[in-house]
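A short write-up of the structure that comes next.
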Amino acid sequence: MSRFSITSQNRRLGVEAKGWFRAHTWWLLRRCSQVAALLVFLAGPAAGLWIVRGNFASSQVLGVLPLTDPFILLQSLAAGVQPAALAALGAVLILALYALVGGRAYCSWVCPVNIVTDTAFWLREKLGITRDRKLDRRTRLWILAGACLASLVTGTVAWEFVNPVSILQRGLIFGLGAGWTVILAVFLLDLVVTRRGWCSHLCPVGAFYGIVGRASVVRVAAARREDCTNCGACFNVCPEPHVIAPALRGKGTRVVLAGDCTNCGSCIDACPVDLFELTKRWEARPQALAPVPAL
């Protein structure tokens, strides 16, 4: 099978204009990042190499650096649990990181379930599945609120009982067992029910990071939007296509400021005329109009 036979249709124009590797640069970087993150967590149980102890929710790097998912800390507080000082510090460190890289970078650069949903999206295209039952993106906000409420009522970190990320990690170490049903459900949801159903409509972790990463420094920008050919490649490949329009079609800032943006770089890969770039939020402003000469 040639490399072009497995290329996503949404990246076809980019491949034709720039070549396969340039049209998949950010995709390859993300996959390396996601696989590396997963291997670091698996290295301890599998090979006794304890670079990181814990899981994606809460961990300690080299026995020194604490990292805590702020969403987990929020649920712990809702449950009435006083977090340990190290856990609180770990959450502060993650929030500080998000002040820099922001968006929903965790979703596209770390989360292993993103590999599952991206595979479903790719297979959906290859099989020509057009069925797309519309879901309200605000549903993930309701699930976010529901998880916090459930933690308040039960006194537990409620989301961790059904979190596909934790289930997948435990499954790779101990065997998924019944946990396969959760991962399979996420895969089938994205494959046969709705496009990007889990990450874009239901996952409360993504919703949370979309809120806390809204004001971050690093952003995608339609820096050369005047070169747009209206091919639609960026909208088709983007997991959150509604975030692109204001920067690409608007008259204000060229920077994608929406918290839903995952900073995945897919639009940079797919665009055949290279109008997108990763930049800082205060750059890529609209060009000032030249002054009208006096008569």
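The values are calculated or read from the model by the stated rules, or taken from the named source; none is laboratory data. Not measured: the values here are computed from a predicted model. Every residue, glycine as well, gets a Cβ built from its backbone with ideal geometry; the counts of neighbours run over all protein chains shown. Accessible surface areas use protein heavy atoms only, side chains included; no ligands, DNA or RNA. Shrake-Rupley method; radii C 1.70, N 1.55, O 1.52, S 1.80 Å.
For the stretch 115-206, with all protein chains present and a 1.4 Å probe, just round the carbon and sulfur fraction of the accessible area to a whole percent.
71 percent
Please determine, in degrees from 0 to 90 and to the nearest 10, the orientation of helix 139-154 with respect to the longest principal axis defined by the Cα atoms of the chain, where the helix direction is its Cα long axis.
Roughly 20 degrees between the two axes.
Once you sort the root eigenvalues of the Cα gyration tensor of the stretch 1-131 as a ≥ b ≥ c, which label holds: rounded (a/c under 1.5), prolate (a/b larger than b/c) or oblate (the other case)? Walk me through the numbers before you get to the answer.
Values: a/c = 2.45, a/b = 2.06, b/c = 1.19.
Because a/c hits 1.5 or more and a/b exceeds b/c, the stretch 1-131 counts as prolate.
How large is the dipole of the stretch 160-285 about the Cα centre if only Lys and Arg carry +1 and Asp and Glu carry -1, each at its Cβ, rounded to the nearest 20 debye?
Values: 13 positive and 10 negative charges, 78 e Å.
The dipole magnitude comes to about 380 debye.
So what does log10 I(q)/I(0) come out to for the stretch 197-249 at q = 0.17, 0.24 Å⁻¹, using the Debye formula with one equal point on every Cα and no solvent?
Here the Debye-derived log intensity ratios amount to -0.66, -1.06.
With charges set only on the Cβ (+1 for Lys and Arg, -1 for Asp and Glu), what does the dipole of the stretch 5-95 come to about its Cα centre, in debye to the nearest 20?
The calculated dipole for the stretch 5-95 is roughly 440 debye.
Roughly how many whole Å is it from the C-alpha centroid of the stretch 10-64 to that of the stretch 232-260?
For the stretch 10-64 versus the stretch 232-260, the Cα centre distance is 25 Å.
Near Lys251, which lysines are there with a Cα under 24 Å away, not counting those fewer than 8 places off in the same chain?
Result set, ordered by chain and number: Lys280.
Limiting things to C-alpha atoms, what are the Rg and the maximum Cα-Cα separation (Dmax) for the stretch 104-150, in angstroms?
Gyration radius and largest Cα-Cα distance of the stretch 104-150: 14.0, 40 Å.
Taking N as the number of residues in the stretch 141-246, what is its Cα Rg relative to 2.2 N^0.38 Å?
Cα-based Rg divided by the globular estimate yields 1.36.
Quick check: from the Cα gyration tensor, does the chain come out rounded (a/c under 1.5), prolate or oblate?
Taking the square roots of the gyration eigenvalues as a ≥ b ≥ c, the chain is prolate.
Before I look further, what does the stretch 97-209 give for accessible area per residue, probe 1.4 Å, in whole square angstrom?
47 Å²
Points 7 angstrom from Cα along the Cβ direction at Lys126 and Ala185: gap in nanometres?
2.6 nm
Can you give the FRET efficiency to the nearest 0.05 for Leu28 and Lys134, using r as the Cβ-Cβ distance and R₀ = 25 Å? Walk me through the intermediate numbers first.
On the way: r = 32 Å, r/R0 = 1.27.
Efficiency at R0 = 25 Å is approximately 0.20.
Taking the simple approach of a point 7 Å from Cα along Cα-to-Cβ for both Val110 and Ala145, what is their distance in nm?
Once both label points are built, they end up 2.6 nm from each other.
Treating the beta-carbon of each Lys and Arg as +1 and of each Asp and Glu as -1, no other charges, what is the dipole magnitude of the chain about its Cα centre, to the nearest 20 debye?
500 debye
Excluding residues fewer than 8 places away in the same chain, name every one of the aspartates and glutamates whose C-alpha is closer than 17 Å to that of Lys18.
Candidates past the 8-residue exclusion: Asp227, Asp269, Asp274, Glu277.
At a 1.4 Å probe radius, which order do Trp27, Trp50, Trp198 fall into by accessible area, largest first?
In descending accessible area the options line up as Trp50, Trp27, Trp198.
Please calculate the 1.4 Å probe accessible area of His242, with all protein chains present, and give it to the nearest 10 Å².
My reading of the accessible area for His242 is about 70 Å².
Rounded if a/c is under 1.5, else prolate if a/b beats b/c, else oblate: with a ≥ b ≥ c from the C-alpha gyration tensor eigenvalues square-rooted, which is the stretch 77-205?
The shape class here is prolate.
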